[in-house]
2 protein chains.
Amino acid sequence: MSPAEHDLLVIGSGPAGLTAGLYAHRSGIDVFMLGGDTPGGQVTMHYKVENFPGFPGGVTGADLMTRWLRQVIDETDSMPVSESVKGVDFSRPAKEVHTESATYRGRAVVIATGAGPRRMDVPGESEFQGKGVFYCATCDAPLLRTMSRRRAVVVGGGDTALHTSLALLPHAESVTIITRGERLRAKPALIKRILKNKNVQVLVNLSVKAVIGDVATTALLLEKKDTGEFEKFPVEAVFVGIGQSPNTSFLGGALHLSADGSIVTDSSLQTSIPGIFAAGDVRETPLRQIVTAAADGALAAHNAVQYLQITGG
Amino acid sequence: MSPAEHDLLVIGSGPAGLTAGLYAHRSGIDVFMLGGDTPGGQVTMHYKVENFPGFPGGVTGADLMTRWLRQVIDETDSMPVSESVKGVDFSRPAKEVHTESATYRGRAVVIATGAGPRRMDVPGESEFQGKGVFYCATCDAPLLRTMSRRRAVVVGGGDTALHTSLALLPHAESVTIITRGERLRAKPALIKRILKNKNVQVLVNLSVKAVIGDVATTALLLEKKDTGEFEKFPVEAVFVGIGQSPNTSFLGGALHLSADGSIVTDSSLQTSIPGIFAAGDVRETPLRQIVTAAADGALAAHNAVQYLQITGG
């Protein structure tokens, strides 16, 4: 039996996906939401969200996303199904999305599967995440002010690392950039700007091998790439700035991706296939924040609705 | 005495302006906020905001913006000054902004002065605003379900009116479009799509002369343009869709504007002058929602900070 065809499938249940579902439903179309295995997305793991508007004093990521999810459930009388997408077939007007157990069809699709920060994949990294190991300077730089020594290490040598460093500077006494490369490989203007600061130090040819700590991070274990020697580098705050890793493996090459694996969209958030939209951290975007992901969701839904209106039905 | 030069001036205290201020402050730069005479912006006048994420059951516009403002005050230890901008001088690196009583200078500026829906300017319009007279179908279409008759009038004949009509259709028994023109003047695909619906009626050559009601709207007074006759048209819900009116008069031609008076930006939200950014309803944008304005504020602040970093100082 052929599965029901919905007006719109939304894949993902973080800020972008939930907002897309909310807006699509409110515009009166038939929307089906595939939520994956983490309802609320990676925000649910944030200890405290201080920069989402409307929440003075901040809100835990879990609380924010619970409220968001409840709003969607109240509005739509349904909730995203807890299935993860394993594959897609966008070759026909009825776009197909496959999970482990079922196939769903939609005339339009919003992909909002998010991204995770690229991880160092070293021992201690997961254990001390949020306890001295951070991935978002915009979110967590102000935490430096609560530490006994406001010295931060940034891991990485590209644009992400340098933007991370710049975001830390107003909050940190000193910032040490540690890269395994022979030099920084970011935009020249950015490098110039960074090297102007007396309280920035750049250490090259060093690989992070482990995060060391007790209740929280106390040091990094580094390997000198030229000699193979190990060194213990004392630090309480490590910001990993080696890029984002968009969740796009399920696409299997169906859409045009950027060099870093993000989905490329036009200004209407439409991808390389008409009727397929991408919203939030999974797309190529200049700023990955909760509020920008939510706005993406609203805009993608709005444009998906217009697409459905124009293509008839 | 020359006024102090700030890193960034933010003009406007609605969702875009407050979010720009929040993000700029959190990034560690010196930001000065000019709030105008309506702290919180036009959202404060919304009876109920149902589509801003994180608020299941909805929130009044006033409550939402009070929370937003409190968040900014808590973070920045300051609040937007209640002065309105009367003029600007962006010709020098130290950009100047003039109010009635003072001059402020910034190395970068975020303009977030918002827009108002274009009004019909007829008797009864203000009196019955929110009581049968609406300006945002995306926001208020679901209210139709609470009315005794789910019949709506849309005033206007352009894209705004037709998008308004499409947004109403899932909620309305019938939609009557009333335009003073001889025909609809929207995108052909949109017109075609609208005329397909049996429950849409288009009435041409009619001017709205007044909104009539008691505790709420009961009718429109229409004038037939060809004969000059008047007609009373009974209706409980009127959606005015004659466009938006961005608040840009203070610019005096300093920036490139679109045909409808919105500020034109590139994808980084930078205007025709480097270092001057625009965010939210005041800029040319495909969707005017609270969440998209907030995201604009975050992105404009982010890019203003990068601009300041690159241009040194």
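The values are calculated or read from the model by the stated rules, or taken from the named source; none is laboratory data. All values derive from a computational prediction rather than experimental measurement. Because the Cβ atoms are built from the backbone with ideal geometry, glycine has one as well, and the counts that use them run over all protein chains shown. Heavy atoms of the whole protein, side chains included, go into the accessibility calculation; ligands, DNA and RNA do not. Shrake-Rupley method; radii C 1.70, N 1.55, O 1.52, S 1.80 Å.
Among the residues of the range A:27-40, those identified as surrounded by 24 or more Cβ atoms within 10 Å (Cβ to Cβ) and closer than 15 Å to residue A:303 by Cβ are A:27, A:31. Can you find, within the range A:171-189, the residue that is farthest from residue A:222 (Cα to Cα) among those that are surrounded by fewer than 16 Cβ atoms within 10 Å (Cβ to Cβ) and charged (D, E, K, R)? Among those that are surrounded by fewer than 16 Cβ atoms within 10 Å (Cβ to Cβ) and charged (D, E, K, R), it is A:187.
Residues of the range A:203-226 that are open to solvent by 50 Å² or more (accessible area, probe 1.4 Å) and under 13 Å from residue A:161 (Cβ atoms): A:204 alone. For the range A:50-71, a residue qualifies if it is under 19 Å from the mean Cα position of the chain (by Cα) and either closer than 21 Å to residue B:296 by Cα or not polar (S, T, N, Q) (or both), and the qualifying residues are A:50, A:51, A:52, A:53, A:59, A:61, A:62, A:63, A:64, A:65, A:68, A:69. In the range B:286-305 there is no residue that is under 19 Å from residue B:138 (Cβ atoms), more than 14 Å from chain A (Cβ to nearest Cβ) and modelled with pLDDT of 95 or more.
When the range A:268-288 is examined, which residues are found to be in a loop (DSSP other than H, G, I, E, B) and closer than 13 Å to residue A:304 by Cα? Give the derivation first.
Within the range A:268-288, the subset in a loop (DSSP other than H, G, I, E, B) is A:268-269, A:271-275, A:279, A:284-288.
Correct list: A:268, A:269, A:271, A:273, A:274, A:275, A:279.
When residues in the range A:22-38 are screened for being outside any loop (DSSP other than H, G, I, E, B) and either over 19 Å from the mean Cα position of the chain (by Cα) or at the interface with chain B (Cβ under 8 Å from one of its Cβ atoms) (or both), 8 of them pass.
For residue A:270, state whether it is under 12 Å from the mean Cα position of the chain (by Cα) and either at pLDDT 95 or above or farther than 29 Å from residue B:190 by Cα (or both). So residue A:270 fails the test.
Comparison of B:245, B:272, B:268 shows that the only residue that is open to solvent by less than 60 Å² (accessible area, probe 1.4 Å), away from every other protein chain (no Cβ under 14 Å) and touching a residue at least 12 places away in the same chain (Cβ under 8 Å) is B:245.
If you check B:111, B:73, which single one turns out to be under 30 Å from residue A:51 (Cβ atoms), among the β-branched types (Val, Ile, Thr) and open to solvent by 50 Å² or more (accessible area, probe 1.4 Å)? Spell out the reasoning first.
Working: B:111 fails: open to solvent by 50 Å² or more (accessible area, probe 1.4 Å).
Step by step, each of B:111, B:73 is checked, and only B:73 is under 30 Å from residue A:51 (Cβ atoms), among the β-branched types (Val, Ile, Thr) and open to solvent by 50 Å² or more (accessible area, probe 1.4 Å).
Taken residue by residue, the range A:197-216 has at least one member that is within 14 Å of chain B (Cβ to nearest Cβ), out of contact with any Asp or Glu (no Cβ under 7 Å at 6 or more places or on another chain) and at pLDDT below 95.
Restricting the search to the range B:140-166, which residues are in a helix (DSSP H, G or I) and open to solvent by 20 Å² or more (accessible area, probe 1.4 Å)?
Quick first cut of the range B:140-166, residues in a helix (DSSP H, G or I) only: B:140-146, B:159-166.
The answer is B:140, B:142, B:143, B:145, B:146, B:159, B:160, B:163.
Summed over the range B:39-84, residues that are in a helix (DSSP H, G or I) and facing chain A (nearest Cβ under 7 Å) total 6.
Applying the selection to the range B:162-190, what residues are away from chain A (no Cβ under 11 Å) and in contact with a strand residue (DSSP E or B) (Cβ under 9 Å, 6 or more places away or on another chain)?
Narrowing the range B:162-190 to residues away from chain A (no Cβ under 11 Å): B:164, B:173-186.
Result: B:164, B:173, B:174, B:175, B:176, B:177, B:178, B:179, B:180, B:183, B:184.
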